[in-house]
Every structure is written in C-alpha cells, then in structure tokens.
Amino acid sequence: MMIGGSRLRRMGWAVVLGATFALFLALTFQVRTVKSEVVRAERQIVALERETSRLETEFETRSNQRQLSDWNAVDFGYQAPRADQYLENERQLASLGSLPGPGAPSPIRVARAIDEGELPAMVNPLTGIAELAAKDDEVADEKESGRSLTADMRGSLGQRLAAGVSFQPGAEIAQ
C-alpha cells in the first residue's frame, strides 16, 4: 500500500506543480497586459497634456486678439477695411491728398548740390595725410612710374560728367 500511496502522492504533487505553473503563466500574461495598458494610458496622458497646452496657448492668443479688437474698436476707433475702401490705382490714392495748411513749410524738391571746394578735407586715419593731397601724390607717382591718366579721366566725377566724357569699362590706361 505504501507503493500505491507514494505514487498517488507524486502524481498529486505533479498536478499541484502543473496547476501552479499554469497559474503563474496566466498571472504573468495578466501582468504584462496591465503593464501595456498602463504604458498606453501614460502615452494618452502625455498626448492630452500636449493638447491641453496647445489649446491653452490658442485660447490665450484668441483672448488677446479679442482684447486687441476691443481696444481697436473702443479706444482707437479702428475698424476692419471694407471693400469700398480699397483703391484701384495711384490716381485714386493721389486724390486723397490734401493741400498744405497755412504756414506749412514748403516741401523739399531737390537736394542742394555741394561744390567740392566746400567740403572739408578728408584725412586718412592711417597716414594722417589729407585725401586731396594723397590724390595729388598718386598722380605724381603715376607720372614718375611712366603711367599717366588720360585727359578724359582726370578731375572729379562731377567734372567728368559735366564734360560729357564717358568711361568705357574695357578701356585700358595708357602706359
């Protein structure tokens, strides 16, 4: 009888061990399922927090727009432009101008041309030599080195333009 009882006991232990292992597997799968649901819920929470932040920003922006609109309408009297306020061309724009009031200064028509003699001498900060003197020295250096400016290219730009001389970019200086 002992042999039959010990076999029965061994089979009972095997059944208990199998049932325990099956419950362990079921519990492991249940834990993994709950864990994945927790991760999914955390992701939803993060997404909802981002959405809430975006909506708060939009709400603040729109409330500021409403406040600005109220200020424009009440305090400043601004209104959105209507279709009849748009202009077709420059003439309509010019027709909106008004004549100057009494005692208004006359508009500046043309800038005053300054003669080169009226300008103060410019001094090179590195050498301390006046600009006009430096130009004279350059002309002297060019004459000493054998190079010379053509008569067309001497003088200031204003003098050359007044004389009607044109400079061609491809032309070379005579040597």
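The values are calculated or read from the model by the stated rules, or taken from the named source; none is laboratory data. This is a predicted model, so every value here is computed, not measured. Neighbour counts are summed over all protein chains in view; Cβ atoms, including those assigned to glycine, are modelled from backbone coordinates with ideal geometry.
Details
- Any hit, the stretch 73-85, residues being modelled with pLDDT of 80 or more and on the phi > 0 side of the Ramachandran plot: no
- Residues being assigned to a helix (DSSP H, G or I) and in contact with a helix residue (DSSP H, G or I) (Cβ under 8 Å, 6 or more places away or on another chain) - total across the stretch 53-85: 0
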